[in-house]
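The values are calculated or read from the model by the stated rules, or taken from the named source; none is laboratory data. Remember, predicted model here, so these are calculated numbers, not experimental data. Methodologically, a virtual Cβ is constructed for each residue, glycine included, from the backbone with ideal geometry; neighbour enumeration extends over all protein chains shown. For the accessible areas, the whole protein counts, side chains as well, though only heavy atoms, and no ligand, DNA or RNA atoms are used. Shrake-Rupley method; radii C 1.70, N 1.55, O 1.52, S 1.80 Å.
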Amino acid sequence: MSNKMWGGRFAEAPDAVMEEINASIGFDQRLFRQDIAGSKAHATMLAATGILTQTDRDAILAGLDEVLAEIEDGRFEFSRTLEDIHMNVESRLREKIGDAAGRLHTARSRNDQVATDFRLYVRDAIDMLVAQIRALQSGLVTRAEEEAETILPGFTHLQNAQPVTFGHHLLAYVEMLGRDAGRLLDSRARLNESPLGSAALAGTPYPIDRDLTAAALGFDRPTANSLDAVSDRDFILETLAAAAICAMHLSRFAEEMVIWSSAQFGFIKLSDKFTTGSSIMPQKRNPDAAELVRAKIGRILGALNSLLVVMKGLPLAYSKDMQEDKEVAFDAIDALSLSLAAMTGMVADMQPDRKRMRASAAAGFSTATDVADWLVRELDIPFRDAHHITGQIVALAEQKHCGLEDLAIEDFKRIDQRIDDRIRKVLTVEASVAARASFGGTAPANVLREAARWKSALTGE
Ligand code: ARG
């Protein structure tokens with residue numbers, strides 16, 4: 001049997017493989033809410049402009065509500081013969097209300113329909129992801145306040161560099177996540193135009209009112225060029241790019257959690273809730289959730305890459321290639337959403353071992369820069385020379401197998417006569433972090449101020 005949606009031209013049914021490669025209902029059924037909202041807006045507009053009678057409009061709107069309820073309740077039978085969500089909904093509507101259903105597709109094509117549905121979906125997804133990012137930020141801010149004075153080794157090259165506060169470290173991720181939310185919201189602002197009414201590619205001869213449908217669907221305005229409207233998938237690409245950057249941030253944080261929770265570091269402990277055991281090694285507690293968050297960037301970046309490759313070289317306007325946009329985008333959005341949730345859980349769950357963190361921060365002569373700064377500040381020695389003198393002090397401590405704070409004042413004097421007892425006060429990690437109170441620095445006072453700023457920004461939104 002030929003397809004009932006375009007049966008006029010076709011005599012034969014499609015080959016089974018044709019049906020399999022062509023159908024998108026297996027995944028685009030996720031768009032049912034957006035599809036029905038779009039159709040309701042379209043029908044309302046068609047009646048307002050006199051293209052559709054009030055009677056037909058009322059039948060269509062009531063019928064669409066019934067279809068919506070059927071899908072929501074799991075009573076709807078999706079059919080692969082009907083290809084996609086758009087035709088599944090329309091066909092069911094026809095079963096319910098008869099001929100009036102056939103008038104719904106006036107001045108519309110699946111090309112502008114799918115572009116509209118997907119913009120609405122991605123807009124909702126952005127709102128969900130931004131809310132999740134805000135929740136993770138709030139969780140981090142709470143922990144940052146608790147850990148404002150906790151001292152952690154700050155690394156460069158994963159080598160002990162200078163002590164930092166754990167709160168400052170956590171707030172670094174709050175900043176990254178703030179930019180991630182900003183990028184998603186930028187994408188949202190640009191995608192918020194309605195393609196509906198662009199029809200197949202060239203617009204329509206019917207006297208439609210695109211402003212009306214745009215407003216009904218919460219869009220800022222209709223898209224200005226019908227060819228662009230049905231060919232454009234920038235809105236997904238931008239959202240995936242923002243998602244990939246966010247996933248990259250989560251991956252870095254997850255990697256730190258993996259390192260921190262190892263026996264060698266022992267900076268944090270993740271509870272049974274976010275770890276797994278080993279089937280052979282009874283002592284094991286593996287940070288699987290963190291490892292999976294570390295990995296999710298793979299599929300999210302893969303989605304971006306995949307869609308860029310699909311879109312490149314496509315001539316205007318719609319080509320069926322573009323149906324490949326959905327599975328990867330759905331998968332990437334799901335993966336980021338799950339990663340954000342897992343990260344939020346782990347941030348609340350992790351228990352820092354403050355003693356170990358501090359001891360590790362003090363190792364490796366991490367206050368050497370403070371010694372050099374003291375020489376500059378108190379003895380007016382040029383920084384380059386101070387760096388050299390401090391290097392000699394470090395070498396001496398290394399020789400003696402002790403820390404800088406364990407050197408006697410005579411040891412310092414042997415390297416440079418001018419050094420006196422006052423140098424002692426800059427040798428501790430506490431003094432080091434407290435001194436870094438310039439704007440953006442790691443001092444506990446800064447952490448508390450920044451945490452308070454973020455708190456009010458996050459609740460004031
Ligand atoms: N399922 C299609 C998609 O996702 C809908 C648009 C189909 N349009 C067409 N002319 N075949 O892209």
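A quick yes/no check of all residues on (1) of a type in the set (Asp, Glu); (2) at positive phi; (3) within 16 Å of the ligand (Cβ to nearest atom):
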{"site": "Leu170", "(1), (2), (3)": "no, no, no"}
{"site": "Arg179", "(1), (2), (3)": "no, no, no"}
{"site": "Arg183", "(1), (2), (3)": "no, no, no"}
{"site": "Ala189", "(1), (2), (3)": "no, no, no"}
{"site": "Ser194", "(1), (2), (3)": "no, no, no"}
{"site": "Ala202", "(1), (2), (3)": "no, no, yes"}
{"site": "Asp211", "(1), (2), (3)": "yes, no, no"}
{"site": "Ala214", "(1), (2), (3)": "no, no, no"}
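Yes or no, residue by residue, for (1) touching a residue at least 40 places away in the same chain (Cβ under 8 Å); (2) assigned to a helix (DSSP H, G or I); (3) open to solvent by less than 10 Å² (accessible area, probe 1.4 Å); (4) more than 22 Å from Tyr121 (Cα to Cα):
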residue: Gly178; (1), (2), (3), (4): yes, yes, no, yes
residue: Gly182; (1), (2), (3), (4): no, yes, no, no
residue: Arg190; (1), (2), (3), (4): yes, yes, no, no
residue: Ala200; (1), (2), (3), (4): yes, no, no, no
residue: Gly203; (1), (2), (3), (4): no, no, no, yes
residue: Ala214; (1), (2), (3), (4): no, yes, yes, no
residue: Ala241; (1), (2), (3), (4): yes, yes, no, no
*In the set Ser251, Ser306, Ser279, Ser262, which member is within 19 Å of the chain's Cα centre (by Cα), open to solvent by 30 Å² or more (accessible area, probe 1.4 Å) and either more than 23 Å from Met176 (Cα to Cα) or not aromatic (Phe, Trp, Tyr) (or both)?*
Ser306
_Given the condition among the acidic types (Asp, Glu) and either within 16 Å of the ligand (Cβ to nearest atom) or open to solvent by less than 40 Å² (accessible area, probe 1.4 Å) (or both), answer yes or no: does some residue in the stretch 333-346 qualify?_
no
*Which of the residues spanning the stretch 426-459 are over 17 Å from Leu140 (Cβ atoms), open to solvent by 50 Å² or more (accessible area, probe 1.4 Å) and assigned to a helix (DSSP H, G or I)?*
Glu430, Ala434, Ala435, Ala445
*Failed item in (1) assigned to a loop (DSSP other than H, G, I, E, B); (2) within 16 Å of the ligand (Cβ to nearest atom), with Glu149 passing the rest*: (2)
*asked:* Only one of Lys296, Lys284, Lys273 is in contact (Cβ under 8 Å) with a residue 40 or more places away in the chain and more than 25 Å from Ser187 (Cβ to Cβ). Can you tell me which?
replied: Lys273
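Residues checked against (1) open to solvent by 20 Å² or more (accessible area, probe 1.4 Å); (2) more than 30 Å from the chain's Cα centre (by Cα); (3) of a type in the set (A, V, I, L, M); (4) within 16 Å of the ligand (Cβ to nearest atom):
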residue	(1), (2), (3), (4)
Thr81	yes, yes, no, yes
Leu93	no, yes, yes, no
Lys96	yes, yes, no, no
Thr106	yes, yes, no, no
Val114	no, no, yes, yes
Tyr121	yes, no, no, yes
Leu129	no, no, yes, no
Thr142	yes, no, no, no
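Would you mind listing the helices (runs of 4 or more DSSP H) fully within the stretch 310-393 where at least 1 residues are at pLDDT below 95? Please lay out each step first, then the result.
On the way: elements: 325-349, 354-362, 368-379.
Where helices (runs of 4 or more DSSP H) fall fully within the stretch 310-393 and carry at least 1 residues being at pLDDT below 95, they are 354-362, 368-379.
Could you pull out the residue among Arg110, Arg33 that is at pLDDT 95 or above, open to solvent by 30 Å² or more (accessible area, probe 1.4 Å), within 12 Å of the ligand (Cβ to nearest atom) and of a type in the set (D, E, K, R)? Quick ask: steps written out before the conclusion?
On the way: Arg33 fails: within 12 Å of the ligand (Cβ to nearest atom).
Only one candidate passes the filter, namely Arg110.
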_Selection from the stretch 303-332 of residues that are within 16 Å of the ligand (Cβ to nearest atom) and basic (Lys, Arg)_ = Lys320, Lys326
*asked:* Looking only at residues that are in contact with a Leu (Cβ under 9 Å, 6 or more places away or on another chain), charged (D, E, K, R) and part of a helix (DSSP H, G or I) in the stretch 407-425, which one is surrounded by the fewest Cβ atoms within 10 Å (Cβ to Cβ)?
replied: Arg414
*Give the residue that is nearest to Leu292 (Cα to Cα), with candidates limited to residues of the stretch 370-386 that are touching a residue at least 12 places away in the same chain (Cβ under 8 Å) and surrounded by fewer than 17 Cβ atoms within 10 Å (Cβ to Cβ).*
Glu378
*Checking Arg75 against (1) over 34 Å from the mean Cα position of the chain (by Cα); (2) more than 29 Å from Arg210 (Cβ to Cβ); (3) loosely packed, with under 13 Cβ neighbours inside 10 Å, which test does it fail?*
(1)
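Select from the stretch 396-406 the residues that are open to solvent by less than 50 Å² (accessible area, probe 1.4 Å) and either under 21 Å from Thr442 (Cβ atoms) or in a helix (DSSP H, G or I) (or both) and list them in ascending order. Please lay out each step first, then the result.
Here is the first cut: in the stretch 396-406, the residues open to solvent by less than 50 Å² (accessible area, probe 1.4 Å) are 396-397, 402-404.
Once the filter is applied, which keeps residues that are open to solvent by less than 50 Å² (accessible area, probe 1.4 Å) and either under 21 Å from Thr442 (Cβ atoms) or in a helix (DSSP H, G or I) (or both), the stretch 396-406 yields Leu396, Ala397, Gly403, Leu404.
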